[in-house]
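To start, the structure under review is shown below, and the notes come after it.
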Amino acid sequence: MRYSHLFAPTLREVPADVEMVSHKLLLRAGFIRQLVTGVYEFLPLGYRTLTKVSDIIRDEMNKQGAQELLLPAMHPKELWAESGRDVTMSEVLIGFKDRKGTEYYLGPTHEEVITNLVRKSVQSYRDLPLNLYQIQMKFRDEARPRGGLIRCREFLMKDGYSFDRDEEGLNIVYNKMFEAYTSIFKRCGLDITPVDASGGAIGGKETKEFMLLTDAGEDSILICPGCGYAANQEIADFRVDDTDEFMPFQPIRTVSTPGAHTIEQVCNFLKAYPYQLIKTLIYMADGKPVAAMIRGDRELNEGRLRVLLGASALEMATPEQILEYTGGPVGFSGPIGLNIPLYADEEIRYLKNFVIGANELDAHIINANWSDIKSDITWSKLRFAVEGDICEVCGEPFIEKRGIEMGHVFKLKYSISEPMNAVYTDEEGNEKLMIMGCYGIGVSRIIAAVAETSNDANGLIWPMSIAPFQVHLILANATDEVQRLLADSIYNQLLSAKIDVLYDDREERAGVKFKDADLIGIPIQVIVGKTAADGKAEIRDRAAKLSEIVEKMQIIDNISNRIQSAL
RNA sequence: CGGGGCGUAGCGCAGCUUGGUUAGCGCGCAUGUUUUGGGAACAUGAGGUCGCGAGUUCGAAUCCCGCCGCCCCGACCA
């Protein structure tokens, strides 16, 4: 490709309000442009890299026996009603109507569509297992798109789905996909940490997220330096401190706390610490109220509570509902006298003389103890793990890191096949549910992740495997005939050798070309300049910033060797 | 959805507080001359619904109201 024909509008400056490094560099280097919030155009350079990432994914998926197909982006609403996810995922679904008024969604993920396809086409155990995937744009009405390609409303995703006869089959394909993912990220030059995770709205039991650990990450990851256990904060398992220290009980009493409805205000008013308070949170679980109690300085893990309750929808009660079920306003809820199910975090089991709400305006109860609470209480781990919590496995304290989720493998099991009745007939003629797994990778997000982690003050630095081109050939002075002849000759030789080359033949000053080359970040730069008179060119490593002067006869071999060793 | 910030030429910004010529600067773009290995110099020139709408006023980029869009921070997820 000749640069003079390339559509790659590089920028010297970027909008001041763009924060993330990858976002800035991908914009500046002419890889992407934004249409509206969370929706991007992939320019030729960006699309080349996207294609290279996709090809690596295909290669590794196919190696593990998966088959590529392409499913529709527009889904009839009824299909989503079958799985019930038209309700549970309603916030991210982007819908529209056709001319007849039939409702559709743009696919945010494809479990429904693929399960429908497979259940119609597969009858016998002989047709299983199946492992199918596609690479396609996904559409999600994200609450907050951010960071350029990090979090988009329209993004390229590889999504794969497996259908097996039994758990054993699922385990085999799940492990294969885990292997494939490990290889994919490695080949893309990403250092990825697999962590335990929760299934989220897609459901599923056993799941691993592939995390890129970076301060720019959106998720919190807890890592145990002792045994290597790593998990998303939402499910990280920790050991609860269950020491029961002796402490004399104080007389319980109700005190006036005018205007103090936050933990901080109550603490200031009562001269207490947040860990001496118990906050009582009122939730609506599938329409029924429950109370969850947790230490004042902790955060409730709604995922854990939802699992404990077996609820599909869990949301905080409205002020009106709180008034109805507790008799008091928001900020003064407490367990005494409540007529709704009580759940408490195990951590507060041995707390004594604690502070709780009195279920009336401007009043709290101090020196409360569990013997004062007559209702039944269900104890469970309800809070989020935090840095310093003790690893359940080995007893070492966790450290916390930030991460970006690059991929996810789930064992869906029967969560989709059951509501959608995806069945097959087994050897004995019995009808059985297919067991499913699903496997996703954010393809466009990989580009952002690599850009985020591999760059310097001058621009991007692509690994050979996914660089838009392998070689950036620079004709330093386009008006110098000797230079042009040598550069043309090298260009043609590289093309013949099937090496991906971008040839900067523009009539620009050398400095402009060097700046653009460093910004775009192609790993090998070949500079044809002053040394052309001696029949030599300069080969420069973008990442190491090291150059060598090479005789023209050896240039192609030198480059080929560099490419081979980089791949 | 809550909080904060921003919207003026392709890009980056000033002007707005205190309304008043023809709305300005840098980069980029076009033409010419010189230059030619790290984002050249000079000269000339083109380029604007001041986000949109309604209002106040003799007069609005500037003041008021409404809307839209964008970025950042939190609740949600590849």
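Quick notes on this structure:
- Cleavage-rule hits, GluC sites (Glu not before Pro), segment A:367-402, DSSP coil, Cβ neighbours within 10 Å at most 13: A:Glu387
- Prolate/oblate/rounded label for segment A:414-531 (Cα gyration tensor, a/c 1.5): prolate
- Angle in degrees between helix A:44-63 and the longest Cα principal axis of chain A, rounded to the nearest 10: 70 degrees
- Surface calculation, 1.4 Å probe, protein heavy atoms: A:Val255 sits at approximately 20 Å² accessible.
- Which of A:Ile366, A:Leu281, A:Thr49, positive extreme of dipole for chain A (C-beta unit charges): A:Thr49
- Annotation: peptides A:297-306, A:330-339, A:265-274, ranked by per-residue average of other Cβ atoms within 10 Å with the highest first, follow the order A:330-339, A:297-306, A:265-274.
- When restricted to Cα atoms, segment A:244-397 yields an Rg and a Dmax of 15.3, 46 Å, respectively.
- Neighbour net charge for A:Pro251 - beta-carbon separation under 14 angstrom, K R +1, D E -1: +1
- Dipole magnitude (debye, nearest 20) for segment A:263-374, charges at Cβ of Lys, Arg, Asp, Glu: 360 debye
- Chain A - charge dipole about Cα centre, Lys and Arg +1 at Cβ, Asp and Glu -1, debye rounded to 20: 1340 debye
- Computed over neighbours whose Cβ is under 11 Å from that of A:Ala467, the net charge equals +2, Lys and Arg +1, Asp and Glu -1.
- Amide H contacts of A:Val255: A:His364, A:Ile365, A:Ile366, each under 5 Å away and 5 or more positions distant or on a separate chain (H built 1.01 Å from N in the peptide plane; Pro and chain starts excluded).
- Accessible surface of chain A, 1.4 Å probe, proportion on carbon and sulfur as whole %: 49 percent
- Theoretical ellipticity at 222 nm over chain A - DSSP helices of four or more residues, -39500 (n - 2.57) apiece, nearest 500: -8000 deg cm²/dmol
- Segment A:266-400: antiparallel DSSP beta bridges as a percent of all, rounded to 5: 65 percent
- Remark: relative contact order (chain A) = 17 percent; criterion is Cα-Cα distance under 8 angstrom and separation of 6 or more residues.
- Degrees between helix A:481-496 axis and first principal axis of chain A (Cα, 0 to 90, nearest 10): 60 degrees
- Using Cβ point charges alone (K and R +1, D and E -1), the dipole size of segment A:425-567 about the Cα centre works out to roughly 540 debye.
- Segment A:391-483, relative contact order [Cα under 8 Å, separation at least 6], %: 20 percent
- Shape call, chain A: gyration tensor on alpha carbons, a/c limit 1.5: prolate
- For A:Ala385, residues with placed amide H under 5 Å, excluding near neighbours: A:Ala236
- Rolling a 1.4 Å probe over the protein heavy atoms gives chain A an accessible area of 46 Å² per residue.
The values are calculated or read from the model by the stated rules, or taken from the named source; none is laboratory data. Remember, predicted model here, so these are calculated numbers, not experimental data. Cβ coordinates were reconstructed from backbone atoms using ideal geometry, including for glycine residues, and neighbour counts include every protein chain displayed. Note: accessible area is taken over every heavy atom of the protein model, side chains too, but ligands, DNA and RNA are not part of it. Shrake-Rupley method; radii C 1.70, N 1.55, O 1.52, S 1.80 Å.
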